[in-house]
Amino acid sequence: MKKLGFVLLVSIFIFAIMDIGVAQNTEVQLSKKEYQSANWEYFNRCGGCHGMLRKGATGPALTPDKMKPIGTEKLTKTIFDGTEGGMPGWGAGVNVYTMEDARRLAKYIQMEPVTPPEFNMKDIKATWKLQVPADKRPTKPMHNRNWENFFAVILRDAGKIAIIDGDTKEVVSVQDSGFAVHTLRYSKSGRYLYTIGRDAKATLVDLWMDPIQTIAEVKTGLDARSIESSKYKGRKGDYIDKLAVVGNYWPPSYVILDGLTLEPLKIVSTRSYTYDTQEYHIEPRVASIVASHSDPEWVINVKETGLILLVDYSDIKNLKVTQIESERFLHDGGWDKSKRYFLVAANMRDKIVAVDTKTKKLAAIVETGVKPHPGRGANFKDPEYGWVYATPHLGEAAVALVCTKPKGGNAENLWKVVRKLKVAGDGGLFVKTHPKSRHLWVDHTLSKDVDAQRSVTVYDIKNLGAEPKILKLADRGRIVHMEYNKDGDEVWISVWDKQGEIIVFDDKTLTEKARINDQRLVTPTGKFNVYNTRLDIY
Ligand code: DHE
């Protein structure tokens, strides 16, 4: 099993478990070293779905009362082979664990979970580094590259970001980021790139500098998945590039930062009551976050409580938060075409929730299929039904089209699934189109079928009744995540493998245009074009 870095987090965890010892459970034994290794692997591979406290979310609860009756051998096999419910086979499928590794984890999940330490402002401040203060930065781009067509690419297992010039396809820069960096956003100006690692380390990169440079970093917690900037400019003020926010998994909270320096300003806990049964939840994690363009607000989705928070950042000393009841297990999502409605998957409830950021109320809850996973989704005009928002599904080989603005004002179709499109596999993670394109691209990254993992399905959105094209793109790794260039005529797709590649397609002809196979492209996953991401074009 690969021992991955990230010393600080490990040391905090190890510190936390020292006193627990390893023989707390008389039937299940792990040496201290084995326990530490299993604890690290649980954080790295399992906590995202099952929760730090193992109480369950996207995956089921893994508490000793439930695990002990199953026993070590059966649990080992499940971890190694995966489940019908969608968990990858960490040995047989993804090939990262030996049987021995799986057995160690099987024992670990029969032991009492350890509550990780909190991470208060003092801890956060101790990690804050400002490499280049705002007044030492250039006032205009210092290179002649078309920086608005840069792509920042996540190099997951390297804990780095590649900046690729979209015009020349050159890797311009590779920057260190957090461990297993998860997602990226830009400031509204596009100049600043914000990154967030799974270890909750946020970094800020200045795309105008030559060479491009990471100018600030901070660790807002122990586990995180989302980051966003402040995008509002209007009569309520100018917040462009002023603030940023990180959504933590642990401690369950969001942390508001200065957008130009990442100086931590305020921590807000998300611990509260589930929207439906009104039970106190100790670990309600922050999933996706987007910044409104029409109000100084972030839409912050809290997974376990099913609450969507509209956080008004215009006065963070007197913070106003609108708390909208929606559905549990909120995960990823994006804007509708008008950017008034935010649509987010409640994946374990098979639903997409739409929230109206104008009235600040729930707009609709739509059942779409088994485990919707839109990424940020895709918006286009269905010739028959009008504007739709598309989501693929982890649990079925289909993309659902949810009507967001019916053709001819036909209110009957609003917030209904007007079509379900068949795709080449289940395990779908992302979809993408562009206002200038007539294609809808769909991946099936986590399908159990190897051909599907390595293919994309492409629909002609002007002729949705026609059979889609299935393009097999690789004979190794998995295909994941599509992104358009600024002009909307190229699609960039990752080959997610140890030595990965980016395939560039001509969107019009659906032919391969280029392959970027720089040796630094280790496990490329998400790609974010500056222009499209800063303006939320998808
Ligand atoms: Fe992600 C987005 C959480 C597994 C790649 N992922 C997101 C978002 C959340 C999330 C909350 C939305 C951020 C936003 O928009 O503000 N992801 C999780 C998990 O909890 C989960 C299920 C398990 C885990 O432990 O992390 C998980 N995600 C994965 C993967 O296995 C992927 C494919 C590779 C990886 O990094 O481990 C992966 N997630 C991504 C990417 C995005 C993302 C590339 C951004 C997509 C976009 O276009 O915006």
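Computed from the coordinates by the stated procedures, all read-outs in this text should not be read as laboratory data. As the structure is a prediction and not an experimental result, all values here were calculated from the model. Neighbour counts run over all protein chains shown; Cβ positions are idealised from the backbone, glycine included.
In table form, for the structure just shown:
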quantity	calculated
Computed FRET value (nearest 0.05) for Ile282 with Met121, which takes r as the C-beta separation and R₀ as 25 Å	0.80
Placed amide H near Leu265: partners under 5 Å, 5+ positions off or other chain	Ile256, Leu257, Asp258
Given 15 as the ceiling on other Cβ atoms within 10 Å, longest exposed-site-free region of the chain for GluC sites (Glu not before Pro) in DSSP loops	385-538
Least to most buried among His331, His293 (fewest other Cβ within 10 Å first)	His293, His331
Helix-only [θ]222 nm of the chain, DSSP H runs n ≥ 4, -39500 (n - 2.57) each, per residue, nearest 500	-3000 deg cm²/dmol
Cut-off 17 Å, label 7 Å out along Cα→Cβ of Lys420, residues of the stretch 434-466 by amide N	465
Inter-centroid distance (Cα atoms) of the stretch 402-458 relative to the stretch 122-181, Å	31
Relative contact order for the chain, counting Cα pairs under 8 Å that sit 6 or more residues apart, in percent	9
Ala466 versus Val321: modelled label distance in nm, points set 7 Å from Cα along the beta carbon direction	4.9
For the stretch 495-500, 3J(HN,Hα) per residue [Karplus equation, 6.51 cos²θ - 1.76 cosθ + 1.60, θ = phi - 60°, Hz, x = Gly/Pro]	9, 7, 8, 3, 9, x
Distance violations [Cα-Cα > 31 Å] among Lys55/Lys472; Lys360/Lys407; Lys219/Lys472; Lys381/Lys527; Lys266/Lys498; Lys320/Lys351	Lys55/Lys472; Lys219/Lys472; Lys266/Lys498
Other-chain or far-sequence residues with amide H under 5 Å of Ser455's (modelled H)	His444, Leu473, Ile479
For Arg54, Arg376, order by how many other beta-carbon atoms lie within 10 Å, fewest first	Arg376, Arg54
Using θ = phi - 60° and Karplus 6.51 cos²θ - 1.76 cosθ + 1.60, couplings along the stretch 124-139 (whole Hz; Gly, Pro as x)	5, 4, 5, 9, 6, 10, 10, 6, 10, x, 4, 7, 9, 9, x, 9
Thr509 paired with Glu34, simple spin-label distance in nm, labels 7 Å along Cα-to-beta-carbon	5.9
Cut-off under 5 Å, modelled amide H: who pairs with Asp241 long-range	Lys188, Ser189, Ser230
Cβ-based exposure ranking for Cys46, Cys403, in which fewest neighbours within 10 Å come first	Cys46, Cys403
Prolate/oblate/rounded label for the chain (Cα gyration tensor, a/c 1.5)	rounded
Label point distance in nm, Asp497-Glu170, each placed 7 Å from Cα along Cα→Cβ	2.7
